[in-house]
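J.: I'd like to ask you about the structure that follows.
The values are calculated or read from the model by the stated rules, or taken from the named source; none is laboratory data. Remember, predicted model here, so these are calculated numbers, not experimental data. Quick reminder, even Gly has a Cβ in these numbers, built from the backbone with ideal geometry, and neighbours come from all protein chains shown. Note: accessible area is taken over every heavy atom of the protein model, side chains too, but ligands, DNA and RNA are not part of it. Shrake-Rupley method; radii C 1.70, N 1.55, O 1.52, S 1.80 Å.
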Amino acid sequence: LVVQGLTLPLIVRFTKVAELEDRPPLEEQEASVRLHLRTAAVEYMQKQYKTEVQKNELVARLKQRMETEVSLTTHTLSSLDTDQSGRDALRQYHRVLLDVLRVEREALDHLRHHDSFDDEVLRQQEAQLDLDEAKVKHIER
């Protein structure tokens, strides 16, 4: 026991357990990482694809979508830092988004029954809905 007691501080220092305690909550870390990634992507697109953004509507929309994600993530981070009303607003946003995704999924099922679209296209859209829903549910944890 004496050896364990003497070596424990060294092990703690070696494994940097104390540094882990100083980190923000996981939800805040995830939002910060998302913000960093999307910001880097937007900055890259502004430098590397300036002409394409101006001439190609699809590329412009991609950049716009990423800018929107930066804005939403920034808002999410500020909501995490604010009072209860900010967190309530964020929860309400997630509830509405999940409800809208449910309606989109129902509309997709309706299209599937009418057999007017290729099944692969419908599966791709369903996979995107699954990803969007998983993102929201993961954030809510």
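J.: Among the listed residues ARG123, ARG91, identify the single one that is closer than 26 Å to SER32 by Cβ, part of a helix (DSSP H, G or I) and open to solvent by 100 Å² or more (accessible area, probe 1.4 Å).
T.: Just a single option satisfies the conditions, and that option is ARG91.
J.: Here's something else I'd like to know. Of the residues that sit in the stretch 42-57 and are part of a helix (DSSP H, G or I) and touching a helix residue (DSSP H, G or I) at 6+ places or on another chain (Cβ under 9 Å), which one is nearest to LEU97 (Cα to Cα)?
T.: So, considering only residues that are part of a helix (DSSP H, G or I) and touching a helix residue (DSSP H, G or I) at 6+ places or on another chain (Cβ under 9 Å), the one nearest to LEU97 (Cα to Cα) is VAL42.
J.: Quick one: count up the residues across the stretch 71-80 that are touching an Asp or Glu at 6+ places or on another chain (Cβ under 9 Å) and either touching a residue at least 60 places away in the same chain (Cβ under 8 Å) or open to solvent by 50 Å² or more (accessible area, probe 1.4 Å) (or both).
T.: Residues in the stretch 71-80 being touching an Asp or Glu at 6+ places or on another chain (Cβ under 9 Å) and either touching a residue at least 60 places away in the same chain (Cβ under 8 Å) or open to solvent by 50 Å² or more (accessible area, probe 1.4 Å) (or both): 1 in total.
Matching residues to (1) open to solvent by less than 90 Å² (accessible area, probe 1.4 Å); (2) out of contact with any Cys (no Cβ under 8 Å at 6 or more places or on another chain); (3) at pLDDT 95 or above; (4) within 21 Å of HIS138 (Cβ to Cβ):
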site	(1), (2), (3), (4)
GLY5	yes, yes, no, no
PHE14	no, yes, no, no
ARG34	yes, yes, no, yes
GLU69	yes, yes, no, yes
